[in-house]
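Written out below as structure tokens is the structure these notes cover.
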Amino acid sequence: MLMKDSQITLVCFALKEEAGPFRRACAGRDGVSILLTGIGQANASRAVANFLSKQSPALVFTCGFAGGLNPQLTTGDVVFSTEGGTIATRLTSAGATQAHVFCAERVAVTVAEKHALREQTGADAVEMESGAIQSLCRERGIPCATVRVISDTANEDLPLDFNQLSKPDKNLDFGKLAVTLLKRPGKIPALLRLQKNCSLASRNLSDVLMKVV
């Protein structure tokens, strides 16, 4: 049975690392549901459809990391995309910048890939879940906003090709990662820098979200 609850805001993340600071900041707050969907549109669609089959939130945010495609965006910048004017006003006031966010099927790893995506789509940032979530919400008439934070910029390569290190379900295969780092230990410093950038990014994302939920 579908439970209507106009007070609930659903905040979706693919990964616990993206959600961590926000989860801690809003602990105990009523009316906020956090959903970890897994990586990619198929996982996101499945998880969110299951949630929406039981509850009808007033508002949905699809959140997490994004790769920069616009060279002007820097690590930690929070961008958003939404069809709702009221949500846009709130997010802008919270410090986010309205942008074109493209939902891709794979991780954009290299500067060349990011440049090509920028040329093909005109997008400012790229991620992998929001297209499916936005579509589900649109079908049901639920306001939805994509809110993403830049974890790697348009002018930097990722330290590893995470597409090759993923399982068929898109989630990271830590066994493959360990083997790769044993073979290529020189990649470890760059991976640690990315981890540090992601930590900063998730905190910035949480700061914005806490002002709008």
Fill in the blank from the handout: Over the chain, cysteine residues that find no other Cys C-beta under 4.7 Å are C12, C26, C63, C103, C198
Handout entry: the stretch 65-158: C-alpha gyration tensor shape, a/c 1.5 cut-off, then a/b vs b/c
Key = oblate
Problem - Cα gyration tensor shape of the stretch 22-107, rounded if a/c is under 1.5, else prolate or oblate by comparing a/b with b/c - result: oblate
Fill in the blank from the handout: Counting sequence-distant residues (5 or more places) and residues on other chains, those with an amide H built under 5 Å from that of L59 are L10
Problem - ³J(HN,Hα), Karplus 6.51/-1.76/1.60, whole Hz, each residue of the stretch 193-201, x for Gly, Pro - result: 5, 4, 4, 5, 5, 5, 5, 4, 4
Handout entry: For the stretch 162-213, the Rg and Dmax computed from alpha carbons only, in angstrom
Key = 14.8, 45
Practice task
Filter the cross-link list K167/K196; K114/K211; K176/K196 down to pairs whose alpha-carbon distance in this structure exceeds 26 Å.
Solution key: K114/K211
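Using a 1.4 Å probe on the protein heavy atoms, what percent of the accessible area of the chain belongs to carbon and sulfur?
Values: 5610 of 10480 Å².
Summing carbon and sulfur atoms, their accessible area is 54 percent of the total for the chain.
Quick check for you: with a 1.4 Å probe and neighbouring chains kept, what is the accessible area per residue of the stretch 80-213, in Å²? Before the final figure, lay out each step's value.
Values: 6880 Å² over 134 residues.
Value returned for the stretch 80-213: 51 Å² of accessible area per residue.
Scan the stretch 80-145 for GluC sites (Glu not before Pro) in coil per DSSP, keeping those whose Cβ has at most 15 other Cβ atoms within 10 Å, and list them by number.
Values: sites: E83, E105, E113, E119, E127, E129, E139; in loops: E83, E105, E129.
Those that pass, being in a loop and sparsely packed, are E83, E105.
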Completion exercise
Rounded to whole angstrom, the alpha-carbon centroid of the stretch 78-128 lies from that of the stretch 130-186 at a distance of 14
Practice task
Express the Stokes-Einstein translational diffusion coefficient of the stretch 1-147 in µm² s⁻¹, to the nearest whole number, given a Kirkwood radius over alpha-carbon pairs, 37 °C and a viscosity of 0.692 mPa s.
Solution key: 209
Practice task
Report the label-to-label distance for Q120 and S33 in nanometres (one decimal), using points 7 Å from each Cα along the Cα→Cβ vector.
Solution key: 3.5
Practice task
Please turn the phi angles of the stretch 208-213 into ³J(HN,Hα) values with the Karplus equation 6.51 cos²θ - 1.76 cosθ + 1.60 (θ = phi - 60°), one per residue in order, whole Hz, x for glycine and proline.
Solution key: 5, 4, 5, 8, 10, 9
Handout entry: Relative contact order (percent, whole number), the chain, Cα cutoff 8 Å, 6+ residue spacing
Key = 29
Problem - Reachable aspartates and glutamates, given that their alpha-carbon falls under 12 Å from the alpha-carbon of K54 and they are not under 8 places away in the same chain - result: D5
Completion exercise
Counting only DSSP loop positions in the stretch 1-84, the trypsin sites (Lys or Arg not before Pro) whose Cβ has at most 16 other Cβ atoms within 10 Å are R29, K54
Exercise for the section: List the aspartates and glutamates whose Cα lies under 13 Å from the Cα of K187, skipping any in the same chain that are fewer than 8 positions away. Expected result: D157, D161
Practice task
Search the structure for amide H atoms under 5 Å from the amide H of F102, placed 1.01 Å from N in the peptide plane, and list their residues when 5 or more places away or on another chain.
Solution key: D124, A125, V126, E127
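The values are calculated or read from the model by the stated rules, or taken from the named source; none is laboratory data. Everything numeric in this text was worked out from a predicted model, so none of it was measured. Counting neighbours? That spans all protein chains shown, and the Cβs are built from the backbone with ideal geometry, glycine included. Each accessible area value is taken on the protein alone, full model and side chains, heavy atoms only, with ligands, DNA and RNA left out. Shrake-Rupley method; radii C 1.70, N 1.55, O 1.52, S 1.80 Å.
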